[in-house]
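J.: Shown below is the structure under consideration.
The values are calculated or read from the model by the stated rules, or taken from the named source; none is laboratory data. Source: prediction; values computed, not measured. Positions of Cβ are generated from backbone atoms using ideal geometry, with glycine treated the same way; all protein chains shown enter the neighbour counts. Ligands, DNA and RNA are stripped out before the accessible areas are found, and what is left, the full protein with its side chains, is counted by its heavy atoms. Shrake-Rupley method; radii C 1.70, N 1.55, O 1.52, S 1.80 Å.
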Amino acid sequence: MCGIVGYTGPRSCVEILVDGLRRLEYRGYDSAGVAIQAGGDIAIRKSQGKIARLTDLIARKPVAGTCGIGHTRWATHGRPSDENAHPHRVGRVAVIHNGIVENHRTIKERMIAKGRTFCSETDTEVISHLLDEYVSAGLPLEEAVRKAVAELRGSYAFLAVTDREPGTLVGVRLNCPMVVGMGEGEFFLASDLTAFLSHTRDVLFLEDGEMAIATPAGVRITDFSGKRRERPNQRIDWSPAMAEKGGYRHFMLKEIHEQPRAILDTLAGRMLPESGEVFFETLPLTGEQLSRLKKVTLVACGTSWHAAIVGKFMIEGMARIPVEVDLGSEYRYRDPVVEEGTLCVAISQSGETADTLAGMREAKGKGATTVSICNVVASTIARESDGVIYTHAGPEIGVASTKAFTTQLVALYLMALHLAQARKVLTSGEISLHLIDLAELPRKIEEFLKREPEIAAVARKYKDARDFLYLGRGISYPIALEGALKLKEISYIHAEGYPAGEMKHGPIALIDERMPVLVLCAKGESYEKTFSNLEEARSRGGRLIAVGTEGDDLLREKSEDAIFLPPCGRYARPILEVVPLQLFAYHMAVLNGTDVDQPRNLAKSVTVE
Ligand code: F6R
């Protein structure tokens, strides 16, 4: 997500901040800016686009000072623009922020009613207004921050400065990272230690619910009630490249581990499990129009197409609307019939995939209403669709899609529930149960990720195999496709995903001891049938890796290796099931010595046919 860096000390800080922002570039961003305390005021320099534009601006309008904050923005609320770029200065304060303020609309309405005016479309600006209100009323910045966080809901890390307190920097952490760098008479606060590792390796990681108050004289850590927290610094010996990846060996692994956080962010502000309600303010159709929809067409490519197939199961199963799924590259040329009452949903991480965009344009041209599910804010697909549901996965750098996929599934799940709600197919009690299932997913994935060494051990056993068959039924079938794609693209090992029931119609001929078969066989609606397919493969001498549900002793007995997941509902299951397959592909690739983050011949964003 966004990159944050702050400095207070004896040195001129503009260069230090800009250098820190350059080191955070790998996170992806669309705008950059700094706020510097200077001559009893705060000077802001910010611009949409790359850091080079910011440095041009600073060269044209120089600024100097020894305390300041800098930010690279990855848009979540509001398109990339100069106005939406951080820092956000309001009156006496300037703020930079990473994360999502869930209740920003409520606070904004209250502030507008008090006569305040807003200059951006961001959720961040409400933090600046809240702080300015308190600081202007005479509170020290530290107190103002404490009062503000009591009102904010969501996940955030932010830094604030005021012209009233030269040399003071206040930072806050709640579910988004923030780390303090301890120099000699100088201190750094950043989202990521890469930003200051060239200045100091002594650090202190803030925990959720903590604040840091830094001046050149020292740093104080407190909780949100003001109670002092003390703990020793840590000495970091990571290389700069390791630091960029948060200590993980590859971006892909980091992104696999970010999934619990990414799912929480995608759910944030969109559901109320207690009352069984789902909210999408960005859909172009009214409840009445949604209830009259005749068909949903899902268009996507690659991993996003696999998400679309899962989406078909979700929308048909829960909202009872017929769904057609197509690849962008096929849909655009097959002269599709688009009837009145069709909603076309384009799914794309990058929002720039040429075939998906062309597919969506084709549907729109023929009269469909269009909605996109995108990760990159203000991307072409997001801009051209009538409505957009953003997945809040944050920048995905590894070429192989992981957290973008699971957040697409979450967005589709919410969308299916939203349609079911509008069409009155499910009761709020039933929707509530689904939302509880969704809300439990981040914790379940977090727990499962702790068992990564188990998956690495399975990968070591199969590392020399050159062909794999992945089987799954029903909603797990697209997960078999996705698992096989992950393996192919990063380890260059041939893998085929197949609907388990189709195995006997051909691929069964391939099975022998040289072709391991990975079977998705969790407890659920098609368990018995998939189990029979597993037995068929076993009796042909296939080496079986099963992914099942905890406590399934029979599955353990019948397969050579078994990976167990916690039980969960039917529609949440694919979101959980894909995680071991991502880890398996990752470890197979590492063991085979391939370039995990940039596999050969692949690009992150495919903007050509
Ligand atoms: C696979 C992968 C690709 C993309 C595909 C579509 O890991 O990343 O298959 O899913 O190129 O990209 P988006 O989602 O950006 O449209």
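J.: Has region 235-254 got any residue that is in contact with a strand residue (DSSP E or B) (Cβ under 7 Å, 6 or more places away or on another chain) and farther than 23 Å from residue 153 by Cα?
T.: yes
J.: Scan region 571-579 and tell me whether some residue there is closer than 26 Å to residue 307 by Cβ and of a type in the set (Lys, Arg).
T.: Scanning region 571-579, I find at least one residue that is closer than 26 Å to residue 307 by Cβ and of a type in the set (Lys, Arg), so the answer is yes.
J.: Here is a list of conditions, (1) within 16 Å of the ligand (Cβ to nearest atom); (2) assigned to a helix (DSSP H, G or I); (3) touching a Ser or Thr at 6+ places or on another chain (Cβ under 9 Å), and residue 401 meets all of them except one; can you say which number that is?
T.: (2)
J.: When region 571-602 is examined, which residues are found to be surrounded by fewer than 19 Cβ atoms within 10 Å (Cβ to Cβ) and within 30 Å of residue 315 (Cβ to Cβ)?
T.: 602
J.: Right, something else. For region 546-562, which positions are within 27 Å of residue 416 (Cβ to Cβ) and either open to solvent by less than 30 Å² (accessible area, probe 1.4 Å) or in contact with a Cys (Cβ under 9 Å, 6 or more places away or on another chain) (or both)?
T.: The answer is 547, 548, 549.
J.: Right, another one. Which residue pairs have Cβ atoms under 8 Å apart, sit 6 or more places apart or on different chains, and have a first residue in region 158-176 that is in contact (Cβ under 8 Å) with a residue 60 or more places away in the chain and a second that is open to solvent by 10 Å² or more (accessible area, probe 1.4 Å) and among the aromatic types (Phe, Trp, Tyr)?
T.: Matching pairs, first to second residue: 169/187.
J.: Right, here's the next one. Might you check whether a residue that is within 15 Å of the ligand (Cβ to nearest atom) and open to solvent by 10 Å² or more (accessible area, probe 1.4 Å) occurs anywhere in region 418-427?
T.: Checked region 418-427: no residue is within 15 Å of the ligand (Cβ to nearest atom) and open to solvent by 10 Å² or more (accessible area, probe 1.4 Å).
J.: Next question. Is there a residue being basic (Lys, Arg), over 17 Å from the mean Cα position of the chain (by Cα) and either more than 16 Å from the ligand (Cβ to nearest atom) or open to solvent by 50 Å² or more (accessible area, probe 1.4 Å) (or both) anywhere in region 264-282?
T.: No.
J.: Could you say which residue among 440, 446, 454, 489 is crowded, with 21+ Cβ neighbours inside 10 Å, of a type in the set (Asp, Glu) and modelled with pLDDT of 95 or more?
T.: Just a single option satisfies the conditions, and that option is 489.
J.: A further question follows. Hey, could you check region 480-501 for residues that are under 13 Å from residue 587 (Cα atoms) and among the aliphatic types (A, V, I, L, M) and say which is nearest to the ligand (Cβ to nearest atom)?
T.: The selected residue is 490.
J.: Considering only residues that are more than 16 Å from the ligand (Cβ to nearest atom), in contact (Cβ under 8 Å) with a residue 40 or more places away in the chain and more than 20 Å from residue 267 (Cβ to Cβ), which ones fall in region 298-326?
T.: 320, 321
J.: Let me ask you something else. Could you list, in sequence order, the residues of region 461-477 that are out of contact with any Pro (no Cβ under 7 Å at 6 or more places or on another chain) and either at pLDDT below 95 or surrounded by fewer than 19 Cβ atoms within 10 Å (Cβ to Cβ) (or both)?
T.: 461, 463, 464, 466, 467 - these are the residues of region 461-477 that are out of contact with any Pro (no Cβ under 7 Å at 6 or more places or on another chain) and either at pLDDT below 95 or surrounded by fewer than 19 Cβ atoms within 10 Å (Cβ to Cβ) (or both).
J.: Count, please, the residues in region 232-247 that happen to be at pLDDT 85 or above and under 17 Å from the mean Cα position of the chain (by Cα).
T.: Total satisfying the criteria: 1.
J.: Does residue 506 meet the test of being in contact with a Pro (Cβ under 8 Å, 6 or more places away or on another chain), over 28 Å from residue 405 (Cα atoms) and either of a type in the set (Lys, Arg) or more than 16 Å from the ligand (Cβ to nearest atom) (or both)?
T.: Judged against the criteria, residue 506 is not a match.
J.: Related question: Within the bounds of region 364-372, is there any residue that is within 13 Å of the ligand (Cβ to nearest atom) and surrounded by 23 or more Cβ atoms within 10 Å (Cβ to Cβ)?
T.: Within region 364-372, one or more residues are within 13 Å of the ligand (Cβ to nearest atom) and surrounded by 23 or more Cβ atoms within 10 Å (Cβ to Cβ).
J.: A further question on this structure: Please count how many residues of region 373-395 are part of a strand (DSSP E or B), in contact with a Gly (Cβ under 9 Å, 6 or more places away or on another chain) and open to solvent by less than 10 Å² (accessible area, probe 1.4 Å).
T.: Going through region 373-395 one residue at a time, the tally reaches 2.
J.: Here's a check for you: in region 349-359, which residue that is open to solvent by less than 10 Å² (accessible area, probe 1.4 Å) and within 24 Å of residue 294 (Cβ to Cβ) is nearest to the ligand (Cβ to nearest atom)?
T.: In this case the residue turns out to be 356.
J.: Take residues that are under 23 Å from residue 477 (Cβ atoms) and tell me which of the helices (runs of 4 or more DSSP H) falling wholly in region 285-346 contain 3 or more.
T.: 302-314, 328-331
J.: Could you please find all residues in region 138-162 being within 20 Å of residue 41 (Cβ to Cβ) and open to solvent by 10 Å² or more (accessible area, probe 1.4 Å)?
T.: 138, 139, 140
J.: Within region 178-199, is there a residue that is touching a helix residue (DSSP H, G or I) at 6+ places or on another chain (Cβ under 9 Å), closer than 22 Å to residue 269 by Cα and buried (at least 24 other Cβ atoms within 10 Å of the Cβ)?
T.: No, every residue in region 178-199 fails to be touching a helix residue (DSSP H, G or I) at 6+ places or on another chain (Cβ under 9 Å), closer than 22 Å to residue 269 by Cα and buried (at least 24 other Cβ atoms within 10 Å of the Cβ).
J.: Here's something else I'd like to know. Do you know which residues across region 327-348 are surrounded by fewer than 24 Cβ atoms within 10 Å (Cβ to Cβ) and within 13 Å of the ligand (Cβ to nearest atom)?
T.: Within region 327-348, 327, 329 qualify.
J.: Here's another thing I want to ask about it. Could you identify the single residue in 102, 109 that is touching a Gly at 6+ places or on another chain (Cβ under 6 Å) and either within 20 Å of residue 159 (Cβ to Cβ) or surrounded by fewer than 19 Cβ atoms within 10 Å (Cβ to Cβ) (or both)?
T.: Result of the check over 102, 109: 102.
J.: Inspect region 59-71 for any residue being charged (D, E, K, R) and open to solvent by 70 Å² or more (accessible area, probe 1.4 Å) and give the result as yes or no.
T.: Yes, region 59-71 contains a residue that is charged (D, E, K, R) and open to solvent by 70 Å² or more (accessible area, probe 1.4 Å).
J.: Grab the strands (runs of 3 or more DSSP E) fully contained in region 179-279, keeping just those with 3 or more residues being aliphatic (A, V, I, L, M) and at negative phi.
T.: Here the list reads 179-182, 210-215.
J.: Select, from 390, 413, the only residue that is in the same structural domain as residue 261 (by TED's automatic domain parsing), of a type in the set (Ser, Thr, Tyr) and modelled with pLDDT under 95.
T.: 390
J.: To continue, here is another question. Show me the helices (runs of 4 or more DSSP H) found entirely inside region 514-609 where at least 2 residues are within 16 Å of the ligand (Cβ to nearest atom).
T.: Passing ranges, in order: 573-591.
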